[in-house]
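Okay, structure first, notes after.
The values are calculated or read from the model by the stated rules, or taken from the named source; none is laboratory data. In this text the structure is predicted, and so the values were computed from the model without any measurement. Heads up, the Cβs are rebuilt from the backbone with ideal geometry, glycines too, and the neighbour counts pull from every protein chain shown. The protein model used for the area step is the full one, side chains on, heavy atoms only, and it has no ligands, DNA or RNA in it. Shrake-Rupley method; radii C 1.70, N 1.55, O 1.52, S 1.80 Å.
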Amino acid sequence: MPEGHSLHRLARQVQDVFGGQALRASSPQGRFADGAALLDGQVLERAWAHGKHFFADFSGGLTLNVHLGLYGAFSFGGDESFAAASSIGAPRRIGERELPSAVDDDGPSPSAAVPPPPAATVRLRLVSAHGWADLIGASTCRVLTPAEVLQVTAKLGPDPLNDDDPAPFLLRAGKTRRPIGVVLMDQAMVGGIGNIYRAESLFRAGVDPWRPAKDLGEEGLRALYEDNRRLLRAGVRLGRIVTTRQEHRPGVTAEQAWPEHANYVYQRQGQPCLVCGEDEIVAEDMASRRLYRCMVCQT
DNA sequence: GTTCGATGAAGAT
DNA sequence: TCTTCCTCGAACA
């Protein structure tokens, strides 16, 4: 489920279980054989994320860069010390929908430090003394020099999860008449917001997604940026996207893992709005992406 | 501005 | 077997 929170969870997980260790790298599928050979045997020094990009710096001075695209996912496995190293509960999978089964206890057996034979679709396999990670379905998987890393990150807007200065976003969004719903999805404007956070943050702000971005003013844009930071942080903490305020989740505690009403408008077209109660949540297309909004609450 | 591939897997038909 | 999906960049008009 690659919006920004997933990539930051992934970076945290990789740092936890592989940081400071020498890794074997291979490409069972074959399409990343050259890149894997460049990294094989090196120490993973630091894993980090910017927007929807994942990076891992290796001791030889090169950096692994992965973009999960629409379907990419990492899966993890290992022995007890590998699981214990994880601050997010050694999920079986990061990058797609993090269903409850992803953190259930059908985990590795205590002696499972030897990885199973890889699936034919595994683009990259990383193996340490205690566990492994398999990458499938990524749209980008490459090895970059430091200069190339800078080129990639320079094209991305500030990432609310990295405490970046929001000024570049405020400046650029404050000048364009492109719809705010398009601007929030533009990774050059702000990093990490995808279709769900776009729809949900605009609902929470009561903003019509079709409004020109500049019409929101600096304060409106800043509030939207800050709310996305809050929502993304909650996503990192919970491992899923929960955007409803507690008063709109009746009978549910603040941090219950799987609340019934986790979102206000995303994929709720035709259902009653959790705030106004009207059947006015609609789905339409915006720049060839699905857009969800409440026709009553967002003006 | 739009359309079209391209990465896999899961769920519906 | 078909459709869908939390994506992006290239190729178009």
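Where is the GNM fluctuation largest for chain A (alpha-carbon springs, 10 angstrom cutoff): A:GLN151, A:GLN267, A:GLN187?
Result: A:GLN151 has the largest fluctuation of those listed.
Ordering A:TRP210, A:TRP132, A:TRP48 from largest to smallest accessible area (1.4 angstrom probe), what's the sequence?
These residues rank, largest area first, as A:TRP210, A:TRP48, A:TRP132.
So how much accessible area does A:SER288 have, in Å² to the nearest 10, using a 1.4 Å probe?
110 Å²
Which net charge results for the neighbourhood of A:ARG229, defined as the other residues with beta-carbon distances under 12 angstrom from its beta-carbon, given Lys and Arg at +1 and Asp and Glu at -1?
Here the charged neighbours net out to -2.
Treating the angle as unsigned and between 0 and 90°, give the value, to the nearest 10°, between the Cα long axis of helix A:195-205 and the longest Cα principal axis of chain A.
40 degrees
Hull surface divided by four, with the convex hull built on the Cα atoms of region A:4-153: how many nm²?
7.9 nm²
Quick one: among A:ASP40, A:ASP159, A:ASP57, which has the greatest mean-square fluctuation in a GNM of chain A with alpha-carbon springs under 10 angstrom?
Maximum among the listed residues: A:ASP40.
Helix A:217-238 versus the longest principal axis of chain A: what angle, 0 to 90°, nearest 10, using Cα atoms?
Helix A:217-238 sits at roughly 40 degrees to that axis.
If every alpha-carbon in region A:156-294 counts as one equal scatterer, what log10 I(q)/I(0) does Debye give at q = 0.08, 0.15, 0.22 1/Å?
Here the Debye-derived log intensity ratios amount to -0.20, -0.72, -1.39.
Compute from the Cα atoms of chain A the Rg and the Dmax, the latter being the longest Cα-Cα distance, and quote both in angstrom.
Both quantities, over Cα of chain A: 20.2, 59 Å.
Distance between the C-alpha centers of region A:202-252 and region A:278-292? Whole Å please.
Answer, in whole Å: 17.
First select every other residue whose beta carbon is under 9 angstrom from the beta carbon of A:SER86; then total the charges, Lys and Arg +1, Asp and Glu -1.
0
Along the charge dipole of region A:4-153, pointing to its positive end and built from +1/-1 on Cβ of Lys, Arg, Asp and Glu, which listed residue (A:SER59, A:VAL17, A:ALA49) has its Cα farthest out?
Farthest towards the positive end: A:ALA49.
Helix A:4-18 versus the longest principal axis of chain A: what is the Cα-based angle in degrees, 0 to 90, to the nearest 10?
For helix A:4-18, the angle is close to 20 degrees.
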